[in-house]
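The values are calculated or read from the model by the stated rules, or taken from the named source; none is laboratory data. Computed from a predicted model, the values in this text were never measured in an experiment. All Cβ positions, even for glycine, are placed from backbone atoms using ideal geometry, and neighbour counts span all protein chains on display. Keep in mind that these areas ignore ligands, DNA and RNA; they rest on the heavy atoms of the full protein, side chains included. Shrake-Rupley method; radii C 1.70, N 1.55, O 1.52, S 1.80 Å.
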Amino acid sequence: MSTVPDPQQNQARARVIEMVGVGKRYGNVEVLKPVDLSIEDGEFLTILGPSGSGKTTIIRMIGGFTRPTSGRILLDGRDIVDQPIFDRPFNTVFQDYALFPHMSVAKNIAYGLMVRGRPKAEISRKVAEALAVVDLSDKAARYPADLSGGQRQRVALARAIICEPRVVLLDEPLAALDAELRRSMRDFLKDLQRRIRTTFIFITHDQDEAISISDRIVVMDHGRVEQVGTPEEIYYHPKSVFVAKFFGESNLLAGGVTALAGTDAVIESALGTLTKPGHAGLNAGTAVTLAARPESFRLVAGDGPRAGECDVSGTVEAITFLGATSQLVVGIAGAPGETIKVRAATKEISGKLAVGDSLTVAWTPADISVLAG
């Protein structure tokens, strides 16, 4: 079992799986609109979305459990739509672990090699390696009922990786765990993937989970891929109102394009006049939504905004203590009913700001995403 060091994250990777126009219908109900998606060798790809978004349909089609209605699924450039499950070099880890209760941990892990008729010496060696990788060497003789939820999940992971699949499919494997164990297991999962350098495709509805472990994230809603990108790209540069609202907390403000200057759009909103480059597709009079994260705003000290910053005045309407940071709700001056949430270091505002105080906040245009509608 390979445990090579983690390569440079920015190195070009070969495509392992490519979905080309893959869609799924059940009768007249379209549960997945045609998807084009490339999955790279050795990456941790997370498919994120609410219930009914189509994320599980994608992983089931890749695994061969569900046949697509349209499109092709390519493995190393070869269409595998007609290839049976047992011939695909993938293994799946399910939410319910699916361990054999009458088998020891070691035999559960060995099962895939046993059904493939591998020699006993090879099975013993690989089971020992897999147990070491998931830190369960001292639990080999125990049975699933004797293990904690996290330990059972690690057994399921060891069973999935022991046959050295090209891709490991993880269908919400942490959903049944409590919050603290879930956080621990997601760290373990990412560390495991980095060590063995196998492609992981992970399904979740948990945004924090996705942002903490993924190389790239596919955000889905109502059977449609809304955006694909790195956690940073999706968090700071959402491409739709749904992504901005679903993936973390955002300020959303109505705006309108008042003029175009080359490829720049001049936008008016409660924040004032904003010029955004690279928006040549917009027209004067177009309604837009401005999206910005609470931490994109900065409290302005007495020296005023910095070069390149915009600013707006307002009044503190609420303060919420969040530990190291606190969140302010600021009513925007001159725009009744319009507010923005501003995240700041607690030590920066503790004892210095109170509800009703006036203040000025600043931001840079690059921190504002301009979304359709």
- Rounded to whole Å², per residue accessible area for the range 252-365 with a 1.4 Å probe reads 48 Å²
- Query: Using a Gaussian network for the chain with springs between C-alpha atoms less than 10 Å apart, which of these wobbles most: Asn91, Asn251, Asn28?
  - Reply: Asn28
- Return the distance in nm (one decimal) between the two label points of a simple spin-label model at Thr275 and Asn28, each offset 7 Å from Cα along Cα→Cβ. 5.3 nm
- Kindly provide the Kirkwood hydrodynamic radius of the range 1-140 in Å, to one decimal, from all pairs of distinct alpha carbon atoms. 17.8 Å
- Message: I'm checking a number: the convex hull volume of the Cα atoms of the range 264-370, normalised per residue, in Å³. What is it?
- Response: 105 Å³
- Item | For the range 63-174: accessible area per residue (Å², 1.4 Å) | 48 Å²
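I need the calculated FRET efficiency for the pair Asp79 and Phe100, taking r as the beta carbon distance and R₀ as 30 Å, to the nearest 0.05.
Working from the Cβ atoms, E equals 0.35.
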- Near Lys276, which lysines are there with a Cα under 28 Å away, not counting those fewer than 8 places off in the same chain? Lys239, Lys245, Lys341
- Where is the GNM fluctuation largest for the chain (alpha-carbon springs, 10 angstrom cutoff): Leu169, Leu177, Leu48? Leu177
- Item | Whichever lysines have a C-alpha closer than 27 Å to that of Lys139, once near sequence neighbours (fewer than 8 apart) are set aside | Lys107, Lys120, Lys126, Lys190
- Query: For the range 263-373, which whole-number percentage of the solvent-accessible area (1.4 Å probe, protein heavy atoms only) is attributable to carbon and sulfur atoms?
  - Reply: 53 percent
- Message: At 1.4 Å probe radius, can you tell me the per residue accessible area of the range 16-56 in Å²?
- Response: 38 Å²
- Under a 10 Å cutoff between Cα atoms, tell me which one of Asp138, Asp221, Asp76 has the largest fluctuation in the Gaussian network model of the chain. Asp138
- From the coordinates shown, P(r) over Cα pairs in 10 Å bins from 0, in percent corresponds to which of [x] 6, 26, 37, 25, 7, 1, 0; [y] 5, 20, 25, 21, 16, 9, 4, 0; [z] 5, 23, 32, 27, 12, 2, 0: [y]
- Message: Using only DSSP helix segments of four residues or longer, with each worth -39500 (n - 2.57), what per-residue ellipticity at 222 nm results for the chain after dividing by its residue count and rounding to 500?
- Response: -7000 deg cm²/dmol
- Using 18 Å as the cut-off for backbone N distance, which residues of the range 66-107 belong to the label zone defined by a point 7 Å from the Cα of Ser38 along Cα→Cβ? 72-80
- How many nm is it between the label spots at Asp138 and Lys120, if each spot is 7 Å from the Cα in line with the beta carbon? 2.9 nm
- Calculate, for Val20 and Asp264, the FRET efficiency according to 1/(1 + (r/R0)^6) with r their C-beta to C-beta distance and R0 35 Å; round to the nearest 0.05. 0.45
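In debye to the nearest 20, how big a dipole does the chain give about its Cα centre with +1 on each Lys and Arg Cβ and -1 on each Asp and Glu Cβ?
1440 debye
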- What full-extension length gain, to one decimal in nm, is calculated for Phe321 and Asp87 as 0.36 nm per residue of separation minus the Cα-Cα distance? 78.9 nm
- Query: Which percent of the accessible heavy-atom area of the range 83-201 goes to carbon and sulfur, probe 1.4 angstrom?
  - Reply: 51 percent
- Message: Please compute the contact order of the chain in relative form: average sequence separation of alpha-carbon pairs under 8 Å and at least six residues apart, divided by the residue count, as a percent.
- Response: 15 percent
